[in-house]
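The values are calculated or read from the model by the stated rules, or taken from the named source; none is laboratory data. Quick caveat, the model's predicted, so the values are computed rather than measured. All Cβ positions, even for glycine, are placed from backbone atoms using ideal geometry, and neighbour counts span all protein chains on display.
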Amino acid sequence: MSQVTNTILMVRPISFRMNEQTAVNNYFQEDIDMMNEAINAKAQKEFDTFVEKIRAAGIQVITVQDTLKPDTPDSIFPNNWISTHEDGTVTLYPMFAENRRNERREDILDVLEANNFCVENVMDYTSAEEEGIFLEGTGSIILDRVHRKAYCALSPRADEDLFIEFCEDFEYFPVIFTANQDVDGVRKPIYHTNVMMCVGDNFAVVCLDTIDDKKERKNLVDHLKKDGKEIIVISETQMSNFAGNMLQAQSETGEKYLIMSNSAHESLHSNQIKSIEKYATILSSNLETIETCGGGSARCMMAEIFLPKK
């Protein structure tokens, strides 16, 4: 059992733009004065450079090209609809935005199998969409695979009952809390847990200031400490630069990296960087267009592959 994979699935966008259906509760998204074609071209360039950097570090990246139809402006963020597990299970998740539901593609499972991975079983929670219940994959759920704990910040995109059901199905202990951000002077739920925390093998990067309830904050800290994680605390300003949206991965030779965007990297203080570098080499890339229009960053773009090999 490992917390860290050496294989990542990424989807190259074909019609990336600001998704009006997700902007209602993703307060990280911003409109930019640019034609959609130009936005997509910039996003593709950022994507390609990012993939090159990850591969150069010795981490395997399986890339899938998005299709023009159906319209999927957020296809670049596959971690919200799919997760994979060591027992050969692929999990499919219910998505808040209707146009994001089209991102789920069966042919991607064929691509995984063509890359020598075993898909033994598909756990499908997507029928919850019919009841207006959502749980957006490893955007909503942060998994500590070694200690069998799952962290979830409740929001319109992370339903408590469905999260508990997931934890029962996969035998994870649920750690539940609410994380908020300031939106025009009002505290509103952060849309995804993975923008305010990242759990690595021996450390966690967390924006504790987002958890307004002191008991919930203490509970989160206690769980991380109990499992021997060094807690690297980031500020809300750093979080708004996507410093919580990171993923630890490893090369095929076992060298560990913490993957993030340039804006996240540049927001970190030297003592935070020093703490991170005890556990992983920082790998960062410019994702400015993707972050601004998509309201997601490096972590959101990577779906980890933990399936067994054939």
Open item on the list: For the stretch 32-45, check the following and say yes or no: at least one residue is touching an Asp or Glu at 6+ places or on another chain (Cβ under 8 Å), part of a loop (DSSP other than H, G, I, E, B) and either crowded, with 20+ Cβ neighbours inside 10 Å or modelled with pLDDT under 60 (or both).
Closed with: no
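Which ranges mark the strands (runs of 3 or more DSSP E) fully within the stretch 212-310 that have 3 or more residues being within 17 Å of V51 (Cα to Cα) and touching a Leu at 6+ places or on another chain (Cβ under 6 Å)?
Details: elements: 230-233, 247-250, 256-261, 281-285.
Of the strands (runs of 3 or more DSSP E) lying wholly inside the stretch 212-310, those with at least 3 residues that are within 17 Å of V51 (Cα to Cα) and touching a Leu at 6+ places or on another chain (Cβ under 6 Å) span 256-261.
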- [ ] Name every residue in the stretch 157-210 that is loosely packed, with under 15 Cβ neighbours inside 10 Å and outside any helix (DSSP H, G or I), in order of residue number.
- [x] E171, F173, D182, V183, D184, G185, V186, R187, K188
- [ ] Give the residues of the stretch 46-94 that are modelled with pLDDT of 95 or more, closer than 30 Å to D159 by Cβ and of a type in the set (S, T, N, Q), sorted by residue number.
- [x] N79, N80, S83, T84, T89, T91
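Among the candidates S75, S83, single out the residue that is part of a strand (DSSP E or B), of a type outside the set (V, I, T) and in contact (Cβ under 8 Å) with a residue 40 or more places away in the chain. Working first, answer last.
Details: S75 fails: part of a strand (DSSP E or B).
Just a single option satisfies the conditions, and that option is S83.
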Task: Considering residues of the stretch 255-304 that are of a type in the set (K, R) and more than 14 Å from the chain's Cα centre (by Cα) only, the residue surrounded by the most Cβ atoms within 10 Å (Cβ to Cβ) - done: K256
- [ ] Identify all residues within the stretch 85-143 that are small (G, A, S), touching a helix residue (DSSP H, G or I) at 6+ places or on another chain (Cβ under 7 Å) and surrounded by 21 or more Cβ atoms within 10 Å (Cβ to Cβ); write none if there are none.
- [x] G137, G139, S140
- [ ] Determine if the stretch 225-248 includes at least one residue that is in contact (Cβ under 8 Å) with a residue 12 or more places away in the chain, under 14 Å from the mean Cα position of the chain (by Cα) and farther than 28 Å from N40 by Cβ.
- [x] yes
TODO: Among the numbered conditions (1) touching a Pro at 6+ places or on another chain (Cβ under 8 Å); (2) within 30 Å of I14 (Cβ to Cβ); (3) hydrophobic (A, V, I, L, M, F, W, C); (4) in contact (Cβ under 8 Å) with a residue 40 or more places away in the chain, tell me where A128 comes up short.
DONE: (4)
Task: Residue under evaluation L68, criteria (1) surrounded by 18 or more Cβ atoms within 10 Å (Cβ to Cβ); (2) hydrophobic (A, V, I, L, M, F, W, C); (3) not in a helix (DSSP H, G or I), criterion not met - done: (1)
